[in-house]
Amino acid sequence: MRLEGIHHVTAITGDAPGNVEFYAGVLGLRLVKKTVNQDDPTVYHLFYADEKGSAGSDITFFEYPGARRGRAGAGMVHRVVFRVGSEEALDFWDERLRSSGVDATRSPGSLVLSDPEGLALELAVVETGDEPLTAEHPEIPPEHRIQGFDRVRAYTRDPEASRQFLEGALEFAKSGDDDYEARGDQRGGLYVFDRGDEPGIPGAGTVHHVAWASTQEEHEPWRQRVLDAGGHPTPVIDRFYFKSIYFREPSGVLFEIATMGPGFTTDEPLESLGERLSLPPDFEHLREQVEPVLTPLPNPRASWAAH
């Protein structure tokens with residue numbers, strides 16, 4: 001069995017409107033699902049991805065309005081790295097980000113920045129045969145668009161403590177001193193350790209968990225693999241858009257294994273993904289209660305006609 005790279009990365013925001021403006025407006029990702037946190041349906045769960053809402057491109061946020069900023073520390077993902085296609089794409093993004101008031105640090109093959117709440121992001125030139133997962137945006141040329149995830153970087157006190165679990169239970173391949181790759185038949189993604197002893201503080205601008213992609217058929221076997229390795233996975237949880245298990249790898253980072261389907265078009269058409277509040281059937285009876293307490297959000301594509 002092989003995991004198909006990163007499925008999604010979920011972080012925390014205290015400002016949903018600002019979050020939409022940055023990820024859909026500035027970075028040009030598509031808001032593909034506007035729903036609620038199924039463990040706390042009084043708050044948003046926002047999903048940004050490529051045009052089709054594909055696994056491998058999907059950065060998501062729980063909104064806790066007014067949440068204090070957190071700080072990544074040991075046992076937490078501290079940077080999310082997206083792929084772009086060329087140095088020319090980095091030139092484009094350097095200029096676009098600075099014109100939007102976003103500071104970025106350029107080096108060969110890389111552009112490092114933070115979102116408005118301090119979550120560290122990186123755009124990296126990556127040569128790969130993986131399909132580019134891009135979203136349409138009138139201000140971003142197709143050749144410069146973000147192409148999906150490449151890796152996440154996590155802080156750990158002891159990277160060696162995770163090696164046996166990652167290589168054994170999860171079949172990650174070691175690709176560097178503290179780098180591991182999950183590569184399946186369709187796609188791959190990297191998990192990279194950086195040394196860090198300082199404890200983290202969860203909050204706005206921090207990553208809650210990273211999810212790895214599984215086929216439907218292998219999902220239950222992956223849970224068994226984690227159990228056999230001494231992990232403590234949750235039961236399989238049906239999230240309606242995919243099925244999930246959660247557990248912590250030995251460094252403390254919260255992992256999810258999520259299925260590549262049924263996907264975001266299960267309850268709304270591809271053409272209008274993310275334009276209305278979508279509630280899975282088990283939560284639909286709560287609509288009259290939760291809709292009034294959620295922050296009103298604009299449709300990021302409503303103004304496209306002007307372009």
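The values are calculated or read from the model by the stated rules, or taken from the named source; none is laboratory data. All of these numbers come straight from a predicted model, not from anything done at the bench. We place every Cβ from the backbone using ideal geometry, glycine too, and count neighbours over all the protein chains shown.
Suppose we keep only residues that are in a loop (DSSP other than H, G, I, E, B) and of a type in the set (S, T, N, Q) within the range 13-68. Which one would you say is modelled with the lowest pLDDT?
Only one residue tops the list, namely 38.
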The condition of being without any contact (Cβ under 8 Å) to a residue 60 or more places away in the chain, buried (at least 19 other Cβ atoms within 10 Å of the Cβ) and touching a strand residue (DSSP E or B) at 6+ places or on another chain (Cβ under 6 Å) holds, among 191, 155, 246, only for 191
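In contact with a strand residue (DSSP E or B) (Cβ under 8 Å, 6 or more places away or on another chain), surrounded by fewer than 22 Cβ atoms within 10 Å (Cβ to Cβ) and acidic (Asp, Glu): is that true of residue 95 in this structure? If you could, list the steps in order and put the result at the bottom.
Numbers: in contact with a strand residue (DSSP E or B) (Cβ under 8 Å, 6 or more places away or on another chain): no; surrounded by fewer than 22 Cβ atoms within 10 Å (Cβ to Cβ): yes; acidic (Asp, Glu): yes.
It is false that residue 95 is in contact with a strand residue (DSSP E or B) (Cβ under 8 Å, 6 or more places away or on another chain), surrounded by fewer than 22 Cβ atoms within 10 Å (Cβ to Cβ) and acidic (Asp, Glu).
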Scanning the range 132-152 for residues that are acidic (Asp, Glu) and closer than 21 Å to residue 87 by Cβ, the one surrounded by the most Cβ atoms within 10 Å (Cβ to Cβ) turns out to be 150
Across (1) touching a residue at least 40 places away in the same chain (Cβ under 8 Å); (2) outside any helix (DSSP H, G or I); (3) surrounded by fewer than 19 Cβ atoms within 10 Å (Cβ to Cβ), residue 88 clears everything bar (2)
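Which residue out of 236, 226 is among the aliphatic types (A, V, I, L, M), free of Cβ contacts under 8 Å to residues at least 40 places away in the same chain and over 26 Å from residue 13 (Cβ atoms)?
Only one candidate passes the filter, namely 236.
Residue under question is residue 177, and the condition is that it be over 29 Å from residue 237 (Cβ atoms), out of contact with any Leu (no Cβ under 7 Å at 6 or more places or on another chain), at pLDDT 95 or above and not basic (Lys, Arg); does it hold?
Considered against the rule, which asks whether it is over 29 Å from residue 237 (Cβ atoms), out of contact with any Leu (no Cβ under 7 Å at 6 or more places or on another chain), at pLDDT 95 or above and not basic (Lys, Arg), residue 177 comes out as no.
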Log entry, pairs with first residue in the range 53-71 being on the phi > 0 side of the Ramachandran plot, second being of a type in the set (A, V, I, L, M) and part of a loop (DSSP other than H, G, I, E, B), beta carbons closer than 8 Å, six or more apart or on different chains, reads 53/273; 56/133
task = Return yes or no: is residue 114 among the small types (Gly, Ala, Ser), surrounded by 19 or more Cβ atoms within 10 Å (Cβ to Cβ) and within 23 Å of residue 254 (Cα to Cα)?
result = no
Listed by range, strands (runs of 3 or more DSSP E) wholly within the range 100-174 having at least 2 residues that are under 28 Å from residue 273 (Cβ atoms) and at pLDDT 95 or above are 110-114, 120-125, 149-156
(1) over 21 Å from the mean Cα position of the chain (by Cα); (2) under 30 Å from residue 21 (Cα atoms); (3) part of a loop (DSSP other than H, G, I, E, B) all hold for residue 177 apart from (2)
